[in-house]
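The structure under discussion appears below in the form of structure tokens.
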Amino acid sequence: LIHFSDRYSLQMIKNMVYSSLPKELAEKIYCSLAAKKALKVEHSVEPFMP
């Protein structure tokens, strides 16, 4: 489990994680960014529509 500061965007986190690992390992990693995505929706001006 790795915690990233809230100042980093979702795409920046994914880019850093996947680009810093060997290809064989990067293919086995899943970035679970659900909490960060939820915060983005919670703080958006548009209502959440499932």
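The values are calculated or read from the model by the stated rules, or taken from the named source; none is laboratory data. This one's a predicted model, so the numbers in the text were calculated from it and none came from an experiment. So basically every Cβ, Gly included, is an ideal-geometry build from the backbone, and we count neighbours across all protein chains shown.
Remarks
- Test: residue in the range 9-17 that is in a loop (DSSP other than H, G, I, E, B) and either of a type in the set (Phe, Trp, Tyr) or at pLDDT 80 or above (or both): yes
- Taken over the range 18-33, the residue count meeting the criterion of being of a type in the set (A, V, I, L, M, F, W, C) and outside any helix (DSSP H, G or I) is 4.
- Sub-9 Å Cβ pairs linking a first residue in the range 12-32 that is more than 12 Å from residue 2 (Cβ to Cβ) to a second residue that is surrounded by 12 or more Cβ atoms within 10 Å (Cβ to Cβ) and among the hydroxyl-bearing types (Ser, Thr, Tyr), at least 6 apart or interchain, are 26/18, ordered by first then second residue.
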